[in-house]
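*Asks:* My questions will all concern the structure given below.
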Amino acid sequence: MTTQKKNLSPVPYIALLGAVLLWSSSFVAMKIGLSHFDPNVLIFGRMLIGSICLIPLFGYLKRVQYKAGDWKPLCFMAFCEPFLYFVFESHALKYTSAAQAGMVTSLLPLFVGIAAIPFLKEKISRWMMAGFLLAVAGVIWLSLSGETTENAPAPVLGNILEALAMASATGYVIMLKRLSFRYSSNFLTAFQAVAGAAFFFPLLFLPTTVIPTHFPTEGVLSVVYLGSIVTLGGYGLHNYAVSQIPASQSTAFINLIPVFTVFLGWLVLGETFTGQQMIASGLVLAGIFLSQKKTRPASQAS
């Protein structure tokens, strides 16, 4: 059995931090966009803009060495995320606050960590599991210490939908990790954007989809930001990092999303950021640090 070579470079971790910051900002941007556009319209616009931004890379993408039969895992990856993920998340943000939705993302490392054992043959150390649990405890505290506002009319429903988004993201991360051994992060990011636009286009014709008749500047800018900066920048940085380090380690950084989201929600949307939330955020950071602690095998001691 082959194992992935350890990457001691800080670059993948810096890339992960960048991706997490961009994804955290996406909760705020989506909250703004959903106040102007139907969820299906917003996500299709996001994917379409992401696809258009990839046009300069078309020459490079044509040189990708496709392997027969890979359309199945590629489509499964894109079906999990962006399709299912954004269906659940866009509707979740109609019912819960950006901060609470960000909190629920702490479930992803646990989901992926468990799924990585049978599917990726990765091992989860006691330090990593302890860090996950500590971070989850901090995230739960972060959520419970928040105040209910009119931006969260049905937080329980919204958080359940966000949890389903995390379950979808688990399938995406596992399949992405397997495909990253054969395809570059640029190609996988491009495939997600184009496939996402294709998946969401038919949803525009559903009778429940509200097609906009006017396009407020604030709403348009949020869609452009989501499609260009978050979709390409966030997924590009994340996909690169996942190709360099174990999936279970990379998803540990997802626990930073609620910390960043609470701060951005306070800064942009005026959501409350209390002293308790600051302490809880510190607990999340401690969990992230603990989950990255390496256990040195006894056979390697000198």
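*Asks:* Go through Lys31/Lys72; Lys121/Lys293; Lys72/Lys121; Lys72/Lys94; Lys72/Lys293 and tell me which ones have a Cα-Cα distance over 24 Å in this structure. Each step should come with its number before you reach the end.
*Replies:* Working: Lys31/Lys72 33 Å; Lys121/Lys293 19 Å; Lys72/Lys121 21 Å; Lys72/Lys94 32 Å; Lys72/Lys293 36 Å.
Pairs exceeding the cut-off: Lys31/Lys72; Lys72/Lys94; Lys72/Lys293.
*Asks:* For Rg/Rh (Cα atoms, Kirkwood Rh), which listed value, [x] 0.97; [y] 1.04; [z] 1.01, comes from the coordinates shown?
*Replies:* Matching the structure shown: [x].
*Asks:* Additional query: Write down the accessible area per residue of region 74-116 in Å², having rolled a 1.4 Å probe over the full set of protein chains. Let's see the in-between values first.
*Replies:* Working: 1110 Å² over 43 residues.
Spelled out: the 1.4 Å probe surface of region 74-116, per residue, equals 26 Å².
*Asks:* Expected output is a single nm value to one decimal: the length gained when fully extending between Arg182 and Ile52, i.e. 0.36 nm times separation in residues minus the C-alpha distance. What is it?
*Replies:* Details: separation 130, 0.36 × 130 = 46.80 nm, distance 2.45 nm.
Full extension from Arg182 to Ile52 adds 44.4 nm.
*Asks:* Cα centroids of region 29-62 and region 89-168: how far apart, whole angstrom?
*Replies:* Measuring centre to centre over Cα atoms gives 24 Å.
*Asks:* Here's something else I'd like to know. Between Arg63 and Leu204, what FRET efficiency follows from the Cβ-Cβ distance if R0 is 35 Å, with the result rounded to 0.05?
*Replies:* 0.60
*Asks:* Right, here's the next one. Is the shape of region 126-181 best called rounded, prolate or oblate, per the rule: a/c under 1.5 gives rounded, else a/b larger than b/c gives prolate, else oblate, with a ≥ b ≥ c the square roots of the Cα gyration tensor eigenvalues? Display every interim value, and only then the final one.
*Replies:* Values: a/c = 3.87, a/b = 1.47, b/c = 2.64.
Verdict is oblate for region 126-181.
*Asks:* Determine Rg/Rh for region 1-116; Rg is computed over alpha-carbon atoms and Rh is the Kirkwood hydrodynamic estimate from the same atoms.
*Replies:* On the way: Rg = 17.2 Å, Rh = 17.2 Å.
Rounded to two decimals, Rg/Rh equals 1.00.
*Asks:* Based on the alpha-carbon gyration tensor of region 61-174 and its eigenvalue square roots a ≥ b ≥ c, which shape applies: rounded if a/c is under 1.5, prolate if not and a/b is larger than b/c, or oblate? It would help to have the intermediate numbers written out before the result.
*Replies:* Numbers: a/c = 3.25, a/b = 1.42, b/c = 2.28.
The shape class here is oblate.
*Asks:* On the accessible surface of the chain, probed at 1.4 Å, how many percent belong to carbon and sulfur atoms?
*Replies:* On the way: 10080 of 14350 Å².
Carbon plus sulfur share of accessible area: 70 percent.
The values are calculated or read from the model by the stated rules, or taken from the named source; none is laboratory data. Nothing here was measured: the structure is a model prediction, and the numbers come from that model. Virtual Cβ from ideal backbone geometry, glycine too; neighbours counted across all protein chains shown. We work out accessible area using only protein heavy atoms, side chains counted, and drop any ligands, DNA or RNA first. Shrake-Rupley method; radii C 1.70, N 1.55, O 1.52, S 1.80 Å.
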